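The values are calculated or read from the model by the stated rules, or taken from the named source; none is laboratory data. Since the structure is predicted, the reported quantities are computational estimates derived from the model, not experimental observations. Note that we place each Cβ from the backbone using ideal geometry, even for glycine, and neighbour counts take in every protein chain shown.
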Amino acid sequence: MRQTNSKLVLQEIFNNEFTTRAEISRTLGLNKSTVSSIYEDLKSEQLVEEVGEGKASSGGGRKPTKIRINANFGFTLGFDISFHKLHYIANYLNGDVIYQGEKSIDNKSIQEIIQIIKEITDHFGATVKSIHGLLGICLSIHGIVDDQQKIVYSPFIDFEGVDIKELLMAEYHVPIILENESNLTAVYVRDFIMRYQQKNLITISIHKGIGSGIIVDNQLFRGFSGRAGEVGRTLTKNSDGKWLPIEQICSEDAIINRLKSDLKMNNLDRVGVVTMYNEGNSQVADAVNEFIQEISTLIYNSSMYFDTDAIYIGSPLMESAPQIFDKISARVKQLKDNSIQLVQLQDSDKATLLGACSVATHHALELVGYPLSFGKLV
């Protein structure tokens with residue numbers, strides 16, 4: 001009981017910018033002496049800090065001491081191992097961003113990628129001033145991670161059987177968590193944007209592949225073996241009538257590669273596609289229109305499967321050309337009169353990293369399964 005109460009008190013402190021022992025006692029229905037005892041333990045561990053006096057009650061008396069989570073207790077790291085780049089972020093315990101960056105990992109082996117991760121980790125370990133230093137690391141995987149924290153499917157990066165989690169745990173002796181990239185985007189929306197105000201939601205991430213993260217009753221739904229949300233592998237017919245996974249036709253990379261071939265432009269990238277689309281290039285327009293049609297159907301079907309409150313779309317292509325998102329929204333409404341709420345995420349790479357921050361923080365505080373809401377982003 002003491003351990004459970006301690007977790008609830010810590011959660012309550014974390015989820016409020018400021019609070020007091022009296023407020024915690026009222027909210028949780030715990031005896032004031034119990035809260036004070038737990039608070040003293042947290043204070044001695046330097047997990048919490050005092051930040052001045054609150055208002056006295058209407059009956060007068062001493063002013064209560066305002067308390068909050070001690071952001072300087074330590075920091076977490078998040079890494080997103082994508083096809084071309086390693087994106088990374090360092091956050092203080094309360095989620096405030098210390099630094100966000102990226103490094104190229106084109107044509108690098110998993111051993112080389114791990115070495116880069118270690119160099120970044122060591123750099124922050126040496127430069128971030130905090131009480132306890134590194135508290136945890138979360139790695140975003142563009143593939144399937146099972147319930148044993150094993151990578152069972154990775155279409156873009158060859159992990160060569162290397163147990164990256166065990167390697168990093170042996171090196172840094174902190175929690176190391178692997179999670180699917182789209183799942184982390186869903187965690188970000190739940191913890192940083194909605195802060196548990198929407199119990200059911202779906203995120204769809206469209207990058208090199210297509211994936212979704214599913215939140216049901218405020219919990220991440222991973223399925224029997226971590227395969228839930230693999231919407232990119234949904235079958236659809238191409239122009240020749242052949243059944244293919246939808247991400248082979250309508251991911252961002254699929255569109256770019258198709259246009260590279262059609263236009264004979266080997267150096268074509270997202271910026272070039274958007275430029276030609278805005279200029280009215282007919283071949284680009286055809287490719288984008290097919291993308292709009294297929295993704296709209298995928299979004300609609302996803303909403304029907306899970307009866308979700310909202311669907312959040314993370315797509316660098318749509319960020320560069322917001323009119324594509326607008327056309328998808330209109331197309332979804334045309335499929336059937338419905339109340340699906342579509343929201344376009346901005347800076348979707350950062351969304352994944354902040355989801356990783358939340359996961360690492362939950363593990364560092366031993367509050368896995370406890371709702372933690374993060375404040376404004378820095």
- [ ] For residue 346, work out the one condition from (1) free of Cβ contacts under 8 Å to residues at least 60 places away in the same chain; (2) part of a helix (DSSP H, G or I); (3) in contact with an Asp or Glu (Cβ under 9 Å, 6 or more places away or on another chain) it doesn't fulfil.
- [x] (2)
Open item on the list: Whether any residue in the stretch 128-144 is surrounded by fewer than 17 Cβ atoms within 10 Å (Cβ to Cβ), at negative phi and not in a loop (DSSP other than H, G, I, E, B) is what I want to check.
Closed with: no
TODO: Determine whether the stretch 61-71 contains at least one residue that is under 23 Å from residue 192 (Cβ atoms), touching a helix residue (DSSP H, G or I) at 6+ places or on another chain (Cβ under 7 Å), of a type in the set (Val, Ile, Thr) and outside any helix (DSSP H, G or I).
DONE: yes
Open item on the list: Suppose the filter is within 21 Å of residue 250 (Cα to Cα), modelled with pLDDT of 90 or more and crowded, with 21+ Cβ neighbours inside 10 Å; does residue 314 pass it?
Closed with: yes
TODO: Sort out which residues of the stretch 229-267 are surrounded by fewer than 20 Cβ atoms within 10 Å (Cβ to Cβ), assigned to a loop (DSSP other than H, G, I, E, B) and not acidic (Asp, Glu), and write them in order of number.
DONE: 234, 238, 239, 241, 242, 264, 265, 266, 267
TODO: Taking the residues in the stretch 85-127 that are surrounded by 15 or more Cβ atoms within 10 Å (Cβ to Cβ) and in a loop (DSSP other than H, G, I, E, B) as candidates, determine which candidate is farthest from the chain's Cα centre (by Cα).
DONE: 108
Open item on the list: Considering only the stretch 301-308, I want to know if a residue exists there that is under 18 Å from the mean Cα position of the chain (by Cα) and not in a helix (DSSP H, G or I).
Closed with: no
Task: Residue that is modelled with the lowest pLDDT, among those in the stretch 349-378 that are in contact with a Gly (Cβ under 7 Å, 6 or more places away or on another chain) and in a loop (DSSP other than H, G, I, E, B) - done: 375
- [ ] Output the number of residues of the stretch 118-150 satisfying the condition of being in contact with a strand residue (DSSP E or B) (Cβ under 6 Å, 6 or more places away or on another chain) and either at pLDDT below 95 or hydrophobic (A, V, I, L, M, F, W, C) (or both).
- [x] 13
TODO: State which residue pairs qualify: first residue closer than 14 Å to residue 220 by Cβ and inside the stretch 357-371, second residue among the hydrophobic types (A, V, I, L, M, F, W, C) in any location, beta carbons under 6 Å apart, and separation of 6 or more residues or different chains.
DONE: 358/187; 359/138; 359/177; 362/368; 363/177
Open item on the list: Taking the criterion of being among the aliphatic types (A, V, I, L, M) and within 19 Å of residue 350 (Cβ to Cβ), would at least one residue in the stretch 144-163 satisfy it?
Closed with: no
Open item on the list: Would you confirm whether or not the stretch 310-318 contains a residue that is assigned to a loop (DSSP other than H, G, I, E, B), over 23 Å from residue 180 (Cβ atoms) and not aromatic (Phe, Trp, Tyr)?
Closed with: no
TODO: Please identify the pairs in which a residue from the stretch 268-282 that is without any contact (Cβ under 8 Å) to a residue 24 or more places away in the chain and part of a helix (DSSP H, G or I) has its Cβ atom under 7 Å from the Cβ atom of a residue that is of a type outside the set (A, V, I, L, M) and buried (at least 16 other Cβ atoms within 10 Å of the Cβ), counting only partners at least 6 apart or on another chain.
DONE: none
